[in-house]
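Coordinate-derived values only; no laboratory data. Source: prediction; values computed, not measured. Methodologically, a virtual Cβ is constructed for each residue, glycine included, from the backbone with ideal geometry; neighbour enumeration extends over all protein chains shown.
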Amino acid sequence: MNLKNQYLIDLYDRVVKRNQGEPEFHQAVREVLESLEPVIERHPEYIERGVIDSIVEPERIIKFRVPWVDDNGKVQINRGFRIQFNSAIGPYKGGLRFHPSVYEGIIKFLGFEQIFKNSLTGLPIGGGKGGSDFDPKGKSDMEVMRFCQSFMTELSKHIGADTDVPAGDIGVGGREIGFMYGQYKRLRNEFTGVLTGKGLTYGGSLARTEATGYGLCYFTDAMLKDNGKSFEGKTVVISGSGNVAIYATQKATQLGGKVVALSDSNGYIYDKNGIDLDCVKQLKEVERKRIKEYVTTHPDAEYHEGCSGIWTIKCDIALPCATQNEINEESAKALVANGVEAVAEGANMPSTPEAIEVFQSNGVLFGPAKAANAGGVATSALEMSQNSMRYSWTFDEVDAKLKGIMENIYANAAAAAKEYGLEGNIVAGANIAGFLKVADAMLAHGVV
Ligand code: NDP
Ligand code: 2IT
């Protein structure tokens, strides 16, 4: 698809000019604007009353210095960000990413996507994202703690349980959330649900750790079933080996699939017998080692350097769960040539626009990130509810709610696509369904 509406073309040009050097943000905006063309034909008021112009501009960008002292006594300086993108339907909500590639454009694209994703969950959460160019890899626990404390010392001035509720993303898991929560509590002298993804001893929700990966598989299962297919007996390739990839592997296996490959930023493993997840969990969650270590205890498995080769493995279902733009046109063509039936995005924006075009034009079922990976943030919103009630649900209660939410997201995205004459296009359907709720709230609030 390409932009045809002149108003949207001009708006996109303004976005590019105003956010120079931020190609990931341009990419995310362009896809949404393309999807909205049929919506504004039917509803010109979204343009006349400035809703589309407003939705591409963050409400607030917070950018700060994060000084900390490493184990050698040397002062280190990182940069911290929080982009509070849209609060029309609830407090800002979205993760924090700690990775050396983080700059304003990455946080902006993630914050923008989060608006629509959070709306799709049906829960009252606005869109935001934050992070730092800090690299937790190779750092000691005490270095990570000192960094997290310094990061939260500034961030604490801008967030709150009813204002903005951060969580994890790449490089931010239970350890980092714990250190940040401890510092927030100390600075503010209050015990509130200001972060999600917390440990179970201090207000975390059961099933939040599993939620993004499980939710991805519930979504994929709903998409497969709607097309007369299922996970049963299917070969599955999953990229990444972090939080999302690990729990996607677990659920895909429970649903009858065989996961044969996982990766990290150095390379990928292929195990034709099916991945031994206990081994991966030990390596990645406990020992924080590289995925290549897997082959030392699994001589039948292969390790290959480089990330993109994983998409040349023959599979029925591909679940990219590492990072943005990890599947390009060439990788998409390789997947199609090997007969892939379904692709669903666990990572945020892992497929380039050219790759999505290859999938859609070849009849591959395609579940876009905003819809397919919304289970993490949905369960974060359930954690917020439990914190407000000062109560906690059982694992099965949370898991059942998550499954229902993911099935609804698929149904709503599919229905929106159909209503706007784009049946089967879940990319457009998710963008439209996510947009409409936020846009109507913005209309109701007036020019603010
Ligand atoms: P983790 O930090 O737990 O794991 C990230 C995984 O992706 C690691 O295996 C990492 O490899 C790999 N990876 C990260 N960056 C790159 C890169 N530039 N190139 C290649 N591989 C890379 O993060 P999560 O599992 O939480 O996040 C994975 C994706 O899912 C992200 O896109 C995130 O935004 C998205 N997501 C996460 C949610 C959550 O609840 N955690 C919710 C919704 C989406 P290495 O160890 O070598 O860096
Ligand atoms: O991209 C995402 O949706 C997340 N990293 C999860 C955000 C959250 O607030 O749980």
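Assorted remarks:
- Antiparallel DSSP beta bridges within the chain, percent to nearest 5: 55 percent
- Among Leu11, Leu216, Leu206, the residue with the largest mean-square fluctuation in a Gaussian network model of the chain, with springs joining Cα atoms closer than 10 Å, is Leu11.
- The H on the amide N of Lys93, modeled in the peptide plane, is under 5 Å from the matching H of Gly126, Gly127, Gly128, Val165, each at least 5 residues off or on a different chain.
- Computed extension length for Ala337-Gln20: 110.5 nm, one decimal, from 0.36 nm per residue of separation with the Cα-Cα distance subtracted.
- Phi-based couplings in Hz for the range 143-158 (Karplus 6.51, -1.76, 1.60; Gly and Pro marked x): 5, 4, 5, 5, 5, 4, 5, 5, 4, 6, 4, 7, 4, 4, 6, 10
- Close amide H pairs (under 5 Å, H built 1.01 Å from N) link Gly122 with no residue at least 5 positions away or on another chain.
- For Gly127, neighbours were defined as the other residues whose beta-carbon sits under 10 Å from its Cβ, and their charges (Lys and Arg +1, Asp and Glu -1) total +1.
- GluC sites (Glu not before Pro) restricted to DSSP loop in the range 154-263 with at most 16 other C-beta within 10 Å: Glu190, Glu232
- Modelled spin-label separation between Arg390 and Arg60, with each label point placed 7 Å from Cα along the Cα-to-Cβ direction: 2.7 nm.
- Centre separation in Å (Cα based) which lies between the range 22-76 and the range 165-185: 23 Å
- Filtered trypsin sites (Lys or Arg not before Pro), the range 1-83: DSSP coil and at most 12 other beta carbons within 10 Å: Lys4, Lys74
- Positive minus negative residues near Ala222 (Lys, Arg vs Asp, Glu; Cβ under 12 Å): 0
- For Asn78, the amide hydrogen comes within under 5 Å of the amide hydrogens of Val66, Trp68, counting only partners 5 or more places away or on other chains and with H modelled in the peptide plane.
- For the range 345-448, trypsin sites (Lys or Arg not before Pro) meeting the loop criterion (DSSP other than H, G, I, E, B) and having at most 12 other Cβ atoms within 10 Å: Arg390.
- Efficiency of FRET from Cβ geometry, Glu397 and Asp276, R₀ 30 Å, rounded to 0.05: 0.50
- Local charge for Ile291 was computed over the other residues whose Cβ lies under 9 Å away, with Lys and Arg +1 and Asp and Glu -1, and equals +2.
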